[in-house]
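Colleague: First the structure, then my questions, so here it is.
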Amino acid sequence: MRPPPGTVQAKETSPVSLELLPDLILTLLLLIMAWGALYAPQRADAMTLFIAFGIVVALIWARLDAPDLALAEAAIGAGLTGVLLMHAARELPGELHQTNRTATYWGALAFAVVASLMFLAHLLYDDSLMSAGLLDAETDMTPRLRTLADAAVPESGVEHPVTAVLLNFRAWDTLLELLVLLFALSGLRQLFRDGQSSENRATSQWPESLALMSAWARVLAPLLVVTGGYLLWRGSSEPGGAFQAGSLLAAAAVILRLTGLLPPLRWSSVLLRLSVVAGALFFLVVAAATAIWGDGWLVYPVAYNGLLIITIEAIATLSIAITLSLLVIGEREDLRT
Amino acid sequence: MISTVLFFAGWAFMLAGCMFFVTAALGLLRFPDLFSRLHAVTKIDTLGLGLMALGLALLDPSWRSCLMLMLVWVLVMASGAVNCQLLARFNLEQEEAQSDEAATRHRPGKGDKPRVS
Amino acid sequence: MTAIELYLTLGVAVFLLSLHGLMTLHDPIRRLIAVNLMGAGTFLVMVSLAKRTEVPDPVLHALVVTGLVVAISATAFALRLIIAANKDDATTSEDSAQR
Amino acid sequence: MIWLASIILLSALAGLWRMSHSPTIADRLLGLQMLSTTGIAFLLLLAHWQNNAVWRDVALVLALLAAVVTVALVQMLRRRT
């Protein structure tokens, strides 16, 4: 029996209903962070605010009822992007060009605020938009794509619609995305020229704080791996999936590598190369098989599609995890052949 | 009957947790140096979130939610403690590095200061 | 005003803010942050549109998850490009200095 | 419930202010940690408010990642000096 909610019933007529208070604060937080991430005086401030921006965006996905996105944003946006940025910014000298004249500050603010207020006014009080049914879902113009997706979920092999869309109806997107990760990694490898000597970062001395960090990493990494596995397995019936699990595993690899517990992931080892390519390769093999025996590229046979999706997701998780960790902490000695 | 008791107890704990959040926010703004601010923030990880999680567990007392709340709380508490240690040591190292540079810049010939461990 | 309209406007505001930032900032890292923020702005618009129906639209969510992964791989590659370009400037300025 | 969520997010503003007006790097990481803890509290509250257990898993993932980010940044920034 749900206890009586103490909240005030939001009146429909009031322009800003009380229900929106957390959303308004989140909006304020996000705008301050976006503005700070761009125009903070020091670059280190800008980067930290960008990481905080990722966290608030994850909260907004939660408010907008998008669990898969909240998981992915928390893992990728808040976690890996920040480490990636700081890791790269270390090798760059200080602020290259001081651009922050006050004119740009207020120019940016005026530009954004005026334009978005015009958009809001147009949205609320212009009935051409309303009649087009852009905003209210009751009109018969329910998006056709969506009704198609809902109708087909039952025989897609998984119950969770987002995973069904990701790995069954729009499997091409996921395949090409794995290829995008591969291209990014190969691009990264080309940019390590011999002339570039990033001085080695061997943490020779072992201060006590490193001992603390390695102990903490030993606790954190298994928990990350278990949560990643849990998200992967749950992806078929509830929010979760290959990308969220892969980024969690990549976070485990990053923390182990940074505290020196994991040896550098040598690109020269064949196993590493194979596992990086495995995700996309297996997907292509399945695509070819369905083209030859099945009835079209990536149209899974209805009998096996549950099994196929799970194996594709598992192998994709492995290759995403390794590719992301190489992208984030790929040192020069790692990525050299 | 039991659910109303749980309801009010849950809300009481949640309000207490929320009070800790507010005090830590004030502490973070008002305290002069880093170490006292560290003190303020780790209070949220342990008590603020702890009371909030306890209140939430009372409000919907199913096994799964209670275990997950407890796991999240223990994890945040542990990471709060470790972060506090790391940030404090990191700040000490930074200050030492700056004071070493300052020392060498003023008296280059004298060699560096005796290291205070 | 409902949550959908609020977050739709927020997405537009973040997009415009970072577009303006991309045009005015010169530091490469900040420009890369601006590009990421523009991506986040568009994702916000897409997800708030997905919420128009009672059960949010899975197709849009799947697209945005794909977009997130592409965004991080593009960021990683762009960062490495920035460092390589910076190393070039450093070496060319040294050569010109020595000559 | 609405007021509770709003108060928690307002306390996140304090973390944000500390992050932007902070002399040292450690202060910024402190603000970041405060932000992620308030985010986790907000997600747990949301889980009860919307009666949807998935937000607790998101809170768990966010807690894990906040720990990883702080350790990674401290280790990386320390190596430079």
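Colleague: Hey, among B:57, B:12, which residue is more than 9 Å from chain D (Cβ to nearest Cβ) and buried (at least 17 other Cβ atoms within 10 Å of the Cβ)?
Modeller: Among B:57, B:12, only B:57 is more than 9 Å from chain D (Cβ to nearest Cβ) and buried (at least 17 other Cβ atoms within 10 Å of the Cβ).
Colleague: Pairs under 6 Å by beta carbon, first residue over 15 Å from residue B:77 (Cα atoms) and crowded, with 24+ Cβ neighbours inside 10 Å in the range D:28-43, partner basic (Lys, Arg) and modelled with pLDDT under 90, six or more apart or different chains?
Modeller: D:31/D:18
Colleague: Let me ask you something else. Between a residue in the range A:160-175 that is facing chain C (nearest Cβ under 8 Å) and any residue that is of a type in the set (Val, Ile, Thr) and surrounded by 24 or more Cβ atoms within 10 Å (Cβ to Cβ), which pairs come within a Cβ distance under 6 Å, given they are 6 or more apart or on different chains?
Modeller: A:166/A:174
Colleague: Residue by residue through the range A:223-266, note down the ones that are under 17 Å from residue A:325 (Cα atoms), surrounded by fewer than 18 Cβ atoms within 10 Å (Cβ to Cβ) and touching a residue at least 24 places away in the same chain (Cβ under 8 Å).
Modeller: Residues satisfying the conditions are A:225, A:260, A:261, A:264, A:266.
Colleague: Can you tell me how many residues in the range D:3-19 are over 26 Å from residue B:56 (Cβ atoms) and either among the acidic types (Asp, Glu) or surrounded by 22 or more Cβ atoms within 10 Å (Cβ to Cβ) (or both)?
Modeller: The qualifying residues number 2.
Colleague: Another question about this same structure. Identify all residues within the range A:272-314 that are of a type in the set (Phe, Trp, Tyr) and either over 15 Å from residue A:171 (Cα atoms) or outside any helix (DSSP H, G or I) (or both); write none if there are none.
Modeller: A:293, A:297, A:300, A:304, listed by residue number.
Colleague: Take residue D:55 and decide whether it is in a helix (DSSP H, G or I), within 7 Å of another protein chain (Cβ to nearest Cβ) and closer than 15 Å to residue A:45 by Cα.
Modeller: No, not satisfied.
Colleague: Still on this structure, I have one more. Taking the condition of being at pLDDT 90 or above and more than 9 Å from every other protein chain (Cβ to nearest Cβ), how many residues in the range A:222-250 meet it?
Modeller: So the count comes out to 8.
So that you can scan it fast, the table gives a plain yes or no per residue for (1) farther than 23 Å from residue D:52 by Cβ; (2) hydrophobic (A, V, I, L, M, F, W, C); (3) free of Cβ contacts under 8 Å to residues at least 60 places away in the same chain; (4) in a helix (DSSP H, G or I):
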residue	(1), (2), (3), (4)
B:6	no, yes, yes, yes
B:24	yes, yes, yes, yes
B:29	yes, yes, yes, yes
B:45	yes, no, yes, yes
B:50	no, no, yes, yes
B:54	no, yes, yes, yes
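Colleague: Right, another one. Just to be sure I understand, how many residues within the range D:39-52 are more than 7 Å from chain B (Cβ to nearest Cβ) and either closer than 14 Å to residue A:251 by Cβ or among the β-branched types (Val, Ile, Thr) (or both)?
Modeller: Matching residues across the range D:39-52 total 0.
Colleague: OK, next. Could you tell me whether residue B:60 is of a type in the set (D, E, K, R) and over 11 Å from the mean Cα position of the chain (by Cα)?
Modeller: yes
Colleague: Also, quick follow-up: Inside the range C:8-43, can you point out the residues that are more than 10 Å from the chain's Cα centre (by Cα), within 17 Å of residue C:63 (Cβ to Cβ) and within 7 Å of chain A (Cβ to nearest Cβ)?
Modeller: Answer for the range C:8-43, where residues must be more than 10 Å from the chain's Cα centre (by Cα), within 17 Å of residue C:63 (Cβ to Cβ) and within 7 Å of chain A (Cβ to nearest Cβ): just C:8.
Colleague: All but one of (1) crowded, with 18+ Cβ neighbours inside 10 Å; (2) more than 17 Å from the chain's Cα centre (by Cα); (3) within 10 Å of chain D (Cβ to nearest Cβ); (4) hydrophobic (A, V, I, L, M, F, W, C) hold for residue B:40; state the number of the condition that does not hold.
Modeller: Single failed check for residue B:40: (2).
Colleague: Using the structure shown, decide if residue B:87 is within 26 Å of the chain's Cα centre (by Cα), within 7 Å of chain D (Cβ to nearest Cβ) and hydrophobic (A, V, I, L, M, F, W, C).
Modeller: Here the answer is yes, as residue B:87 does meet what is asked.
The values are calculated or read from the model by the stated rules, or taken from the named source; none is laboratory data. Values in this document were obtained by computation on a predicted structure and should not be read as measured data. FYI the Cβ positions are ideal-geometry reconstructions off the backbone, even for glycines, and counts take in every protein chain you see.
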